1. Are any of the residues in region 179-192 polar (S, T, N, Q), within 16 Å of the ligand (Cβ to nearest atom) and in contact with a Pro (Cβ under 7 Å, 6 or more places away or on another chain)?
2. On the given criteria, is residue 116 farther than 22 Å from residue 241 by Cβ, within 16 Å of the ligand (Cβ to nearest atom) and either at pLDDT 95 or above or in a helix (DSSP H, G or I) (or both)?
3. Against the condition modelled with pLDDT under 95, over 16 Å from residue 81 (Cα atoms), surrounded by fewer than 20 Cβ atoms within 10 Å (Cβ to Cβ) and acidic (Asp, Glu), how does residue 3 come out, does it pass?
4. Would you confirm whether any residue within region 210-230 is within 23 Å of residue 100 (Cα to Cα), surrounded by 15 or more Cβ atoms within 10 Å (Cβ to Cβ) and of a type in the set (Asp, Glu)?
5. For region 28-47, name all the residues that are crowded, with 21+ Cβ neighbours inside 10 Å and touching a Leu at 6+ places or on another chain (Cβ under 8 Å).
6. Across region 174-204, what is the number of residues that are outside any helix (DSSP H, G or I) and loosely packed, with under 15 Cβ neighbours inside 10 Å?
7. Would you check if residue 266 is of a type in the set (Asp, Glu) and either farther than 20 Å from residue 141 by Cβ or over 17 Å from the mean Cα position of the chain (by Cα) (or both)?
8. Tell me, yes or no, whether region 51-69 has at least one residue that is touching a residue at least 40 places away in the same chain (Cβ under 8 Å), under 30 Å from residue 242 (Cβ atoms) and among the aliphatic types (A, V, I, L, M).
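The values are calculated or read from the model by the stated rules, or taken from the named source; none is laboratory data. Small disclaimer: the values here were computed from a predicted structure and weren't measured. For neighbour counting, all protein chains shown are included, and Cβ atoms are generated from backbone atoms with ideal geometry for every residue, glycine included.
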Amino acid sequence: MAEWSARARREGLSVGFVPTMGALHQGHLDLIARARQAHPRVVCSIFVNPLQFNNLEDLERYPRQLEQDRAMLQEAGCDALFAPQAETLFADLQPHTYDLGGLDGHWEGPSRPGHFQGVVKVVERLFHFVRPDEAFFGEKDRQQLTLLRHIARQEHWPERIIACPTMRAVDGLALSSRNARLSPGERDQATILFKALTVAARMAFKHPVEEVDRAVKDALQAEPTVTLDYFGIADHDTLEPLKDWGDRDLAVALIAAQVGPVRLIDNITLVR
Ligand code: PAF
């Protein structure tokens, strides 16, 4: 794969990269389209990374549909698919713990021990094999994005990390491969996450953080079968939880909840 990218660059063609775990949906296709707009060559990877799952059942049940994904990528005009075996990807992996700068101390970090170390390790490996100029990540995984940017700076990765807006269904549900595991009833219940985030977006900067927090938790009562893991408001850049708005003009509201068999996450940017 690295040779493919090197050849493209020798021909003066830059390479955009969309790393995925497959079970592709419109959100991934949007990332491919953004990569296409910026680069004459686009690679997508599909690899269900065992290092980032801290729940064996979630790993086993993660949807896998390589042939369907391949057809979708062709249709989307993606130039190359990198779908490595774990033995190849991790062949010369040295034991290494990344300094995540405390960015895993909140939100997904405590709920999923080891998750972000696993994400950083696999992204480093994928970059090593693909050698892209830029890589495109969705804002739905906001903490992942913040962390990867931090590591890219810290480790002097040459690849640029590009943030892309979350794609949503018409009822607001953030697109995710895990949505495929929801029953029609659970799929409806799951829209409460976005409804809760829009309550936060409406109230942000006009009401104290604590009041917004209470209003969001009240709104979530509308779906008692949805079990909240966390909701909170954070600094836009560091994702440190906020107690007050201070003089900032931007913040983020983050949410995670269990809906039927699936744990879903979402977030929204709050603007003054
Ligand atoms: O966001 C994802 O799909 C995954 O975390 C990633 C970046 C492909 C690493 O496995």
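1. no
2. So residue 116 fails the test.
3. Answer is no for this residue.
4. The answer is yes; a qualifying residue exists.
5. Selection gives 32, 41, 43, 44, 45, 46.
6. Looking only at that region, the number is 1.
7. So residue 266 fails the test.
8. No.
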